[in-house]
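The values are calculated or read from the model by the stated rules, or taken from the named source; none is laboratory data. Owing to the predicted nature of the structure, the values given are computational and were not obtained by experimental measurement. Reconstructed Cβ throughout: ideal geometry from the backbone, glycine too, with neighbour counts over all protein chains shown.
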């Protein structure tokens with residue numbers, strides 16, 4: 001095969017290079033024809049007109065040395081844990097004109113000793129997509145997502161986080177994959193205690209909010225399953241509790257990136273953008289700068305590599321801090337020892353930067369920390385045994401270390417356990 005270099009090729013390569021470096025910036029729109037093809041050609045269970053794709057996931061099944069993520073100076077609590085999370089996705093195709101989908105994801109978090117942390121949650125989502133004359137595609141979706149976890153890197157304990165809302169889209173699409181359109185969404189975020197499920201007095205009070213967004217997006221198919229995208233729009237953040245109304249804010253961002261295939265030797269996605277986050281209160285600091293997100297896997301022979309990064313700002317549950325900026329980078333390698341045995345290693349480094357002074361308590365006394373920074377270091381070593389096809393059983397050792405120039409946030413956590421993977 002001969003590759004002919006041209007001005008168009010040079011421009012495409014330049015765009016990919018510039019965009020290779022936002023949590024909100026990743027492409028969210030999927031071409032109607034692409035989804036239709038994936039549903040028709042994917043391995044599914046047929047029940048009448050329904051095509052059902054079941055997946056059973058087991059994660060964090062093992063020994064956790066610090067289930068409450070407590071500071072190393074406090075009394076840490078170990079336990080044996082497991083998360084069981086089956087997912088069922090069902091599709092109903094109406095010829096080439098409509099796709100109706102539904103996703104159900106019940107999840108059970110098990111703790112052998114800490115019974116108050118045991119929890120059952122259930123997430124579901126539905127979507128209807130209609131292809132009209134002239135390539136116009138209209139979509140409407142609803143989501144109700146519930147989990148027991150540390151919802152953000154800043155959290156020092158598990159909570160029940162809820163995300164409920166809807167999205168509407170109108171896109172003009174071509175069979176080749178080019179698309180131009182508008183998406184509008186509204187989501188409510190709330191945080192409950194892990195044990196009783198009542199509103200969390202700390203996280204919920206400061207973080208319960210409604211987010212409204214509107215984005216324009218342009219997608220262009222670069223190769224057979226790779227897409228370039230440009231996305232720009234506004235978001236509005238309105239907090240639920242009146243005493244935290246001073247946290248209300250707006251943001252504008254423009255991002256671009258590339259979405260790679262979901263399978264094959266090279267897969268994942270990369271994006272880079274610019275964001276301006278503006279608090280309503282004049283006493284709060286404005287955030288303005290680059291935001292980005294990427295997660296790419298590529299394989300060469302018996303070696304596979306993973307590169308991931310994140311940069312964005314997130315609301316802090318600390319009222320004085322208001323928000324923090326997270327930078328994170330991950331590098332990993334997988335070595336295929338045989339056709340059925342794989343060795344994994346990944347190293348992740350993250351930094352949380354708080355632009356405003358933070359008030360913390362040390363031995364009952366208030367301490368103001370200027371320019372607080374937390375560092376997050378994680379090492380993960382794993383061994384995966386292929387059972388069938390791409391399905392395998394993995395064992396992993398996870399070493400989590402968090403340090404901070406603010407007292408009370410030095411956390412060590414070791415985890416050893418097993419998980420199921422569909423990505424051997």
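General observations
- Index of the failed condition, residue 95 passing every other in (1) exposed (fewer than 13 other Cβ atoms within 10 Å of the Cβ); (2) modelled with pLDDT of 95 or more: (2)
- The criterion of at least 1 residues that are touching a helix residue (DSSP H, G or I) at 6+ places or on another chain (Cβ under 7 Å) and surrounded by 13 or more Cβ atoms within 10 Å (Cβ to Cβ) is met by the following strands (runs of 3 or more DSSP E) wholly inside region 294-379: 303-315.
- Per-region count, region 144-173, residues in a strand (DSSP E or B) and over 30 Å from residue 223 (Cα atoms): 14
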